[in-house]
1. A:Cys252 fails exactly one of the following numbered conditions: (1) buried (at least 24 other Cβ atoms within 10 Å of the Cβ); (2) of a type in the set (A, V, I, L, M, F, W, C); (3) closer than 17 Å to A:Val182 by Cα; (4) under 25 Å from the mean Cα position of the chain (by Cα). What is the number of that condition?
2. Could you list all residues from the range B:77-102 that are assigned to a loop (DSSP other than H, G, I, E, B), at pLDDT below 95 and under 20 Å from B:Gly133 (Cα atoms)?
3. Which residues, taken from the range A:196-212, are without any contact (Cβ under 8 Å) to a residue 24 or more places away in the chain and within 11 Å of A:Val160 (Cα to Cα)?
4. Hey, does the range A:82-105 have a residue that's surrounded by 23 or more Cβ atoms within 10 Å (Cβ to Cβ) and in contact with a His (Cβ under 8 Å, 6 or more places away or on another chain)?
5. Sort through B:Leu216, B:Leu140 and tell me the only one that's more than 22 Å from B:Glu298 (Cβ to Cβ), surrounded by 22 or more Cβ atoms within 10 Å (Cβ to Cβ) and not small (Gly, Ala, Ser).
6. Farther than 24 Å from B:Ser137 by Cβ, modelled with pLDDT under 95 and either more than 9 Å from chain A (Cβ to nearest Cβ) or not in a loop (DSSP other than H, G, I, E, B) (or both): is that true of B:Ala238 in this structure?
7. Kindly indicate whether A:Ala154 is in contact with a His (Cβ under 9 Å, 6 or more places away or on another chain) and part of a loop (DSSP other than H, G, I, E, B).
8. For the range B:305-343, give me the residue count where each residue is of a type in the set (Ser, Thr, Tyr) and either in contact with an Asp or Glu (Cβ under 7 Å, 6 or more places away or on another chain) or free of Cβ contacts under 8 Å to residues at least 60 places away in the same chain (or both).
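The values are calculated or read from the model by the stated rules, or taken from the named source; none is laboratory data. For clarity, every value in this text was computed on a predicted model and none was experimentally measured. A quick note on method: Cβ atoms are made from the backbone with ideal geometry, for glycine too, and the neighbour counts reach across all protein chains shown.
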There are 2 protein chains.
Amino acid sequence: MANRQLCLARRPEGALRADDFEIIETPVRTLADGEVLVRNTWLSIDPSLRIRLEARTPDGYLPPLAIGEPLAGLALGEVVESRSPDFTVGELVSHTQGYRDLAILGGDAATLGGYGAPTRIEPNGFPDRWFLGPLGSSGLTAYVGVTVILDVDAEDTVWVSAAAGAVGSLVAQLARQRGATVIGSAGSPPKVEHLLSHLGLDAAFDHRAQPLAESLAESAPAGITAYFDSVGGGHLTAALDAMRTGGRIAVCGAISGYDAGAPVPGPHNLFQLVAKSIRMEGYRAGSFNHLTPAMQEELGDHLSAGRIRFDERVFDGLTAAPEAMIAMLHGDHLGKTLVTLDERN
Amino acid sequence: MANRQLCLARRPEGALRADDFEIIETPVRTLADGEVLVRNTWLSIDPSLRIRLEARTPDGYLPPLAIGEPLAGLALGEVVESRSPDFTVGELVSHTQGYRDLAILGGDAATLGGYGAPTRIEPNGFPDRWFLGPLGSSGLTAYVGVTVILDVDAEDTVWVSAAAGAVGSLVAQLARQRGATVIGSAGSPPKVEHLLSHLGLDAAFDHRAQPLAESLAESAPAGITAYFDSVGGGHLTAALDAMRTGGRIAVCGAISGYDAGAPVPGPHNLFQLVAKSIRMEGYRAGSFNHLTPAMQEELGDHLSAGRIRFDERVFDGLTAAPEAMIAMLHGDHLGKTLVTLDERN
């Protein structure tokens, strides 16, 4: 049985290009004891993969991908063969070996090959793909940011960067459900319109329209008490300036630097941390997997009741994955970017 | 009755100079109801005053001092006249109107004139001046940093910047009392020797001797779990790189930028916050005044028992205050810098 894998063809120079990648076909080896073979059905296209395409990754982060190595990423799939007592054929699992038709998981691979064994998914009537999105990694990242790191309540004025994106849109809507005043920013007028009309935010602005300080002064004249940062760079600088005393900043990413080809300078105004007693905390959802059931219950209720919506853009087939990545990093679409590998989807 | 006040003569250009200041003598007005007249005996010379000498101060911070305005700073003094029911002549008080012989405090001045009414001090056998140092503002800044912001325990490896200074030396010793492994940095070989021989730190280095990354790799080969920052700039960058996953950073100041004449750029590696789930928190001791009794009990015990030492350099008389400030910002001395205004001291 042959397996198509999307591999890194060369190091990108600045913004990603489709020919930075190539599909390499390899035979699938026989399963060892404890392993399962999974046929991938959905791939999650996430900004953080971009970090691993560089020759060096930040200390403490996952290592760089080698040239010729298959890309890694969150995915869903169906168990098609099992030598594990824990999984049976036909079950749906999530795992981290996306960007390929078939993945071998479990056994030694679970400890040696990446950052997690496969996880069984029971959809309970929700679409499978949502277990990569609002009931999966995107949901957990947003839930931890809002409930643990920022601990948002009705007194808060929260600025959410990249608020039309997969995580940002959930952060913004969860914060509103907690009664906070929520200001969202995004990279185009149609996205701003979406934030106001469809996500019901209290205010929204296009971060490219004018200096961020001016937009924040208009949207939050009394300042902000919390900031959700997935952008970094000038966004973080503006947040520090607009923050009230005692404010909090959750940092889940720095997309402004991922595709830039050079390090983005740090904010010149970090002294605001002292002047205004600000707490700034970075986190990765993977450290909070124990909160997944609580997250799925809270977000599942909101989604079922229509109080929270989740937008998705689906690309078709493994060959479309480079295009999907480029579009996602470029901010071309609302919400989450996915690739389907199953013609039944 | 005439009162000498040390005033700002002009905006400093880069590093402070003695002629940036001048002594102006003014008559003392009659007390209003509720006010007390205090004869200052001890002045605390603190780096943060430097911030207020610039034409602009950071948002959220105290306003700039005007040209011709008396400097402000923590001080101790004796009540010499009282129209307040709360204070009687002869009592010792701490307050924020230093840099002058006589201060009028309380009444409307307590709310209008600054950030606090006078506080009665009962020395309980400790030297008066310690209520500006290890049992006063320096002690509270260190205590909050170690016990609240960093919450240091025996598992920690803590790097303390400016560890030979007033606050840093207390942070380092308090962290050791809690069982942590403590690494201190300072700006000269004699200071490093002091950290090792007199403060008993586990490791110490001269931050000017070689790149900070190399010194940290030698002193803490497995990385640090906590960093106490009063320096900012390159120190903060190095701490982010040397930090283990889940580390914490307490930021109480950024002295590297105070006397520089230009903003110090932010760290280029702030993404470490995400990669290593780091919490970075700024604070000001003034927000934690409710912890003063607990701090005085813990530090008082350590000082009485000789488990913690506190070094001081005393300058004599108001005319020496500019020289004291310059020496303190330049890091010329160990521990705390004070000015005495009382020939009996």
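1. Failing condition for A:Cys252: (3).
2. Across the range B:77-102, the qualifying residue is only B:Thr96.
3. If the condition is that a residue be without any contact (Cβ under 8 Å) to a residue 24 or more places away in the chain and within 11 Å of A:Val160 (Cα to Cα), then A:Ala203, A:Phe205 are the ones that fit.
4. The answer is yes; a qualifying residue exists.
5. One residue alone meets the criteria, B:Leu216.
6. no
7. For A:Ala154, the condition - in contact with a His (Cβ under 9 Å, 6 or more places away or on another chain) and part of a loop (DSSP other than H, G, I, E, B) - is not met.
8. Here the count works out to 1.
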